[in-house]
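The values are calculated or read from the model by the stated rules, or taken from the named source; none is laboratory data. In this text, all values refer to a predicted model and were calculated from it rather than measured experimentally. Reconstructed Cβ throughout: ideal geometry from the backbone, glycine too, with neighbour counts over all protein chains shown.
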Amino acid sequence: MDPYILVMVAVGLLVLLVAWLPMLLREAPLSLPIVCVGLGWIFSGAIPDPGAPLPLAYPAATERVTEFLVIIALMGSGLKLDRPPGWRPWQATWRLLAVAMPLSIAAAALLGWALGGLGVAAALLLGAALAPTDPVLAADVQVGPPRSGEEDEVRFSLTSEAGLNDGLAFPFTNLALAVAAWLGTALPPGGVPPEGLSWLWDWLLVDVAWKLAAGVAVGWAVGLGVGWLTFRLPNRARLSRTGDGFVALAMTLLSYGITEMAHGYGFLAVFVTALAFRHLERGHRYHDRLHDLAEQVERLLMMAVLVLFGVALGHGLLAPLTWGAAAAGLAFLFVARPLAALAGFAGLGMPGREALAIGFFGIRGVGSFYYLAYALNEAPWAEAADLWALAGFVVLVSVLLHGTTVTPAMRWLDRARADANAPKSPHRLGRRSVPSSQPHPDRCRITGALESSGEMAGAWLVPVCWYNKARITNAQYNEKMWRFRNNIHPD
């Protein structure tokens, strides 16, 4: 049979599963990434070894496919954030980036060197690749669509961290390349090891200062520019009138491409573009269309990449993995990342359960694949197979572990948050309970505000309705239902 026809059938089935599986798995103790990796592993036997999609066999394709998937995920992450950027509203995110991320890189590098048998430069590259919280596989622990209302700190922190640290991991990846060139362990073809420490100043001025600044500046400019075309032009010419969601794809490609032309960090620019676009007209309905398209494209590409990852596992991607390297990967996931997050939140006053959840659910995934592919394509590394085996092992454990625990863990956090926010004593005039004649919310008129139906027995104010499920989070909804069931007057 013609292989082209088989590919068409396979792609058709994949697209069908993209739409169907999320609904089927909503209440199951499995995640979509687990199913995708499992399918790839099951069908890996049908693919001969010479054509197996191993990353070292297709280095350029691995880099480009993962790159495109990450930038689409970054656009979706930025569009869904309702909280405006700022120092205080984002203080948990800044702590994750300034404290937890460098500590995670250092810990992963140390573990890779001490237990994994990697050289200094390769260990540093491993730390840079494993540092970012993945914006692709972390969808289950992120905030909801745009205009979903108030965002709890766990989901918001993981979403914003995933958006920013994928760009901030680039300087450390370039540092690993510079150290490898300096030590002579990984030189580009025809390259010469630099003399002295001049390379360090180049890294600080170019890879850190210039490229970060260019990413932020170009990203913000593109976001405001496209936002002006979308919301500020005369009504007949506004992009928002088209209702086309692929404007999100246009923004992604423009922001990434222009920033790379300016020698900045495109990952950072794409996320900043989404934030700037939301900032211009935060409550517009058009954001929903843009986010929906970005999410659909991301989900389709994610399934394809993870199926290929499962096939690669079946063809020996983890064969070079040693017991020491496996121990290093487990120590990073279970010890280094959670402790780094707790250190970052020290003194912030965040509840311990939320700080632990943020540390534990720092999911590793496609972003790690991209950074490895990028660095290994820049120069030949002797430890390339070992790096892929260790990174693949960490991503596999992260997919299995987080995919089976995220749903019950987030539900437990929501219940605990609702109980913590609920009043300890009834609130009323004279400190008496609200009478049982209070209307049930299901019979209430759906409004967005607290109304009163007048006085009862000369003392009671009874709400007509203070429930609007379309505009509140699950935690808020649970808290409101708890109040009604316990006849507690709302504040």
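Within the range 135-153, is there a residue that is modelled with pLDDT of 90 or more, touching a helix residue (DSSP H, G or I) at 6+ places or on another chain (Cβ under 7 Å) and closer than 22 Å to Leu387 by Cα?
No.
How many residues are within 22 Å of Val70 (Cα to Cα) and surrounded by fewer than 24 Cβ atoms within 10 Å (Cβ to Cβ) when one looks only at the range 313-349?
Result for the range 313-349: 2.
Trp412 - would you say it is at pLDDT below 90, among the aromatic types (Phe, Trp, Tyr), assigned to a helix (DSSP H, G or I) and in the same structural domain as Val311 (by TED's automatic domain parsing)?
Answer is yes for this residue.
Test Gly119 against the criterion of being under 17 Å from Ala375 (Cα atoms) and modelled with pLDDT under 95, and give yes or no.
It is true that Gly119 is under 17 Å from Ala375 (Cα atoms) and modelled with pLDDT under 95.
So, Leu177, is that one modelled with pLDDT of 75 or more, within 12 Å of the chain's Cα centre (by Cα) and aliphatic (A, V, I, L, M) or not?
So Leu177 fails the test.
Confirm whether Ala52 is assigned by TED's automatic domain parsing to the domain that holds Met302 and either in contact with a strand residue (DSSP E or B) (Cβ under 8 Å, 6 or more places away or on another chain) or more than 16 Å from Asp134 (Cβ to Cβ) (or both).
Spelling it out, Ala52 is indeed assigned by TED's automatic domain parsing to the domain that holds Met302 and either in contact with a strand residue (DSSP E or B) (Cβ under 8 Å, 6 or more places away or on another chain) or more than 16 Å from Asp134 (Cβ to Cβ) (or both).
For every residue, the table says whether it meets (1) assigned to a helix (DSSP H, G or I); (2) under 13 Å from Phe170 (Cβ atoms); (3) touching a Ser or Thr at 6+ places or on another chain (Cβ under 8 Å).
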| position | (1), (2), (3) |
| --- | --- |
| Ala217 | yes, no, no |
| Gly227 | yes, no, no |
| Ala250 | yes, no, no |
| Leu253 | yes, no, no |
| Gly257 | yes, no, no |
| His263 | no, yes, no |
| Ala269 | yes, yes, yes |
| Ala274 | yes, no, yes |
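With the structure loaded, tell me whether Arg282 is of a type in the set (D, E, K, R), assigned to a loop (DSSP other than H, G, I, E, B), touching a residue at least 24 places away in the same chain (Cβ under 8 Å) and out of contact with any Gly (no Cβ under 8 Å at 6 or more places or on another chain) or whether it fails that test.
Taking the combined requirement at face value, the residue satisfies it.
Pick out the one residue from Ala106, Ala60 that is surrounded by fewer than 14 Cβ atoms within 10 Å (Cβ to Cβ), closer than 30 Å to Ala180 by Cα and at pLDDT 85 or above.
Ala60
So which residues in the range 268-286 are touching a helix residue (DSSP H, G or I) at 6+ places or on another chain (Cβ under 7 Å) and either aliphatic (A, V, I, L, M) or farther than 14 Å from Arg238 by Cβ (or both), if there are any at all?
Across the range 268-286, the qualifying residues are Leu268, Ala269, Val270, Phe271, Val272, Thr273, Ala274, Leu275, Ala276, Arg278, Leu280.
Out of (1) under 30 Å from Leu376 (Cβ atoms); (2) under 19 Å from the mean Cα position of the chain (by Cα); (3) modelled with pLDDT of 90 or more, what's the single condition that is false for Leu32?
Going through (1) under 30 Å from Leu376 (Cβ atoms); (2) under 19 Å from the mean Cα position of the chain (by Cα); (3) modelled with pLDDT of 90 or more one by one, Leu32 breaks only (3).
For the range 381-390, indicate whether the set of residues that are at pLDDT below 80 and either within 28 Å of the chain's Cα centre (by Cα) or of a type in the set (Lys, Arg) (or both) is non-empty.
For the range 381-390, residues at pLDDT below 80 and either within 28 Å of the chain's Cα centre (by Cα) or of a type in the set (Lys, Arg) (or both): absent.
Out of the residues in the range 257-288 that are at pLDDT below 90, charged (D, E, K, R) and farther than 14 Å from Arg83 by Cα, which is farthest from the chain's Cα centre (by Cα)?
Arg285
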